[in-house]
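Enquirer: Got a structure for you, questions after.
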Amino acid sequence: MKKLAILPLLFIQLFTVQAQNYPPVLSLEKQTELYNKNLEWKLDNVLPDIMRREGLEMWIVICFENSEDPVYRTLTTRPGDGARRLSILVFHDSKEGFKKLSATWHGPYASGYMYKGIFTDKSFGADGQFIALAEYIKQADPENIGINYDNQVIDDFSHTNGLSHFHYEKLVNALDEKYCERLVSAKKVVMGWYETRTPWEISLYKTLCTTAHELIKEFFSNRVIIPDATTAMEVRWWICERIREMKLDYWFFPSLDIIRSPENEKKFGRDDVIRRGDLLHCDVGISYMGLTTDMQHLAYVCRLGEKDALEGLKELYAKGLRFQEILLEEMTEGRTGNDILKSVLERGKAEGLKPWMYSHPVNYYGHGSGMTIGRTDNQEFLPGSGEHPLYPNTTYAMEFSVSGEVPEWGDKLVRMGFEDNILFTGNGAYLIEGYPEKLYLVK
């Protein structure tokens with residue numbers, strides 16, 4: 001069997017020369033140009049509204065080079081979007097207008113051309129940056145000052161704890177006592193910044209999802225999988241190489257799980273070779289121009305002579321598609337993730353779908369910041385991001401599973417996992433690039 005496992009490496013090289021319908025990937029120069037234009041528009045048109053919605057007058061981001069606050073790189077231009085030594089960004093919704101400021105050692109250009117520098121005297125070294133920041137705060141006299149910490153929820157993907165204790169102490173020591181008393185958590189603003197998509201990003205997401213679908217379609221075929229020879233690990237590495245070959249990136253190592261019939265389990269155990277009669281489940285996420293995808297699709301490996309998947313598997317797959325409809329229907333503006341979780345589980349159970357719900361935001365990060373609907377280990381009430389309301393122009397990985405008995409497999413209970421990217425616009429939620437209407441077939 002070891003010799004057979006090596007064969008697919010040669011077949012993969014032969015089959016992948018055939019073209020897929022992938023959208024073109026832009027040059028790095030063009031990507032940078034578009035990314036920076038979008039960032040400038042978002043800083044001017046989205047961030048002010050979020051800060052006003054959350055009642056925050058000033059927001060400060062402080063971090064070191066190579067130890068960046070997660071939100072820092074989403075606020076700075078490419079290339080060179082990392083911090084330079086000590087970097088400080090200030091966003092001030094002042095009476096004179098919305099201000100974007102930088103107290104960074106290398107000046108505004110280190111953060112991006114849209115920032116105005118407030119740090120000029122370098123005679124005090126890095127401490128001078130905090131002195132300049134404190135002087136600006138004293139002149140501006142803001143009602144509140146948001147900093148990136150959240151001490152309320154430990155199990156939360158809000159990405160709002162980027163301020164180190166060291167920098168917090170430096171800030172407090174530099175400020176007058178009355179301004180220290182005005183420091184508040186910027187959690188809601190950070191989450192709003194992460195989760196809100198611009199028109200350009202919404203358009204880009206369609207392209208990104210198309211690319212991800214084409215990738216899955218390619219490896220769920222004989223171009224990559226040779227039944228009874230190819231291993232799941234070989235496919236996983238093929239996916240990684242293919243993504244890099246397309247000049248994209250993956251934000252986690254792709255998975256490919258084999259769901260095996262009792263007959264195949266008895267014959268082959270749980271080895272890593274993809275066998276005829278197996279059900280395959282993938283989990284793949286790609287990154288492009290600051291956005292991410294997260295998708296789980298399924299494929300059936302046909303036995304010799306079979307032209308379609310087993311009826312029991314197709315019926316279970318149809319239940320998954322039905323649960324997708326339920327979730328999309330329940331997503332209305334202002335509802336929290338916990339509200340939606342309760343509703344979809346009640347409806348899904350009433351229809352006999354045996355659902356398990358764990359949807360999450362996708363944006364700058366695959367496990368992004370924003371409203372979350374359940375967790376794999378929590379199907380009741382999720383504190384923090386589960387209490388966050390649903391806002392327009394936000395994107396999610398609609399992730400869940402349904403379970404059911406498969407008659408052809410001796411009524412074995414099978415759990416199918418589904419996932420794809422959706423957009424909520426305020427007028428409703430929809431799959432950005434659809435979802436396969438039936439199982440992929442590997443023949």
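Enquirer: Please tell me the relative contact order of the chain in percent, rounded to the nearest whole number, where contacts are Cα pairs under 8 Å and at least six residues apart.
Expert: Across the chain, relative contact order equals 15 percent.
Enquirer: Using a ≥ b ≥ c from the Cα gyration tensor of segment 220-363 (square roots of the eigenvalues), is it rounded, prolate or oblate, where a/c under 1.5 gives rounded and otherwise the larger of a/b and b/c decides, a/b for prolate?
Expert: Verdict is oblate for segment 220-363.
Enquirer: Which net charge results when you count Lys and Arg as +1 and Asp and Glu as -1 among the other residues whose beta-carbon is under 10 Å from that of residue 91?
Expert: Counting the neighbours of residue 91, the net charge comes to 0.
Enquirer: Something else: Report the relative contact order of segment 47-194, percent, no decimals, based on alpha-carbon pairs under 8 angstrom and at least 6 residues apart.
Expert: Relative contact order of segment 47-194: 26 percent.
Enquirer: Using the crude model of +1 on Lys and Arg Cβ and -1 on Asp and Glu Cβ, and no other charge, please compute the dipole size for segment 47-194 relative to its Cα centre, in debye to 20.
Expert: Working: 17 positive and 21 negative charges, 98 e Å.
The dipole of segment 47-194 has a size of about 480 debye.
Enquirer: Separate question: Charges on Cβ only, +1 for Lys and Arg, -1 for Asp and Glu, centred on the Cα centroid of segment 47-194; of 132, 159, 105, which one is farthest towards the dipole's positive end?
Expert: Going by the Cα projections, it comes out as 105.
Enquirer: Scale the Cα Rg of the chain by the rule-of-thumb value 2.2 N^0.38 Å and send over the ratio, two decimals.
Expert: Taking the Cα Rg and dividing by 2.2 N^0.38 Å, one obtains 1.11.
Enquirer: Is the shape of segment 47-194 best called rounded, prolate or oblate, per the rule: a/c under 1.5 gives rounded, else a/b larger than b/c gives prolate, else oblate, with a ≥ b ≥ c the square roots of the Cα gyration tensor eigenvalues? Write down the numbers at each step before the final one.
Expert: Numbers: a/c = 1.27, a/b = 1.13, b/c = 1.12.
Since a/c stays below 1.5, the shape of segment 47-194 is classed as rounded.
Enquirer: Any of 247/314; 267/354; 42/354 with alpha carbons more than 31 Å apart? Name them for me.
Expert: Details: 247/314 35 Å; 267/354 29 Å; 42/354 41 Å.
Flagged as over cut-off: 247/314; 42/354.
Only the coordinates and a few stated rules stand behind these numbers; no lab work does. Fair warning: this is a prediction, and the values are worked out from it, not measured in the lab. Cβ sites come from the backbone with ideal geometry, for glycine too, and all protein chains shown count toward neighbours.
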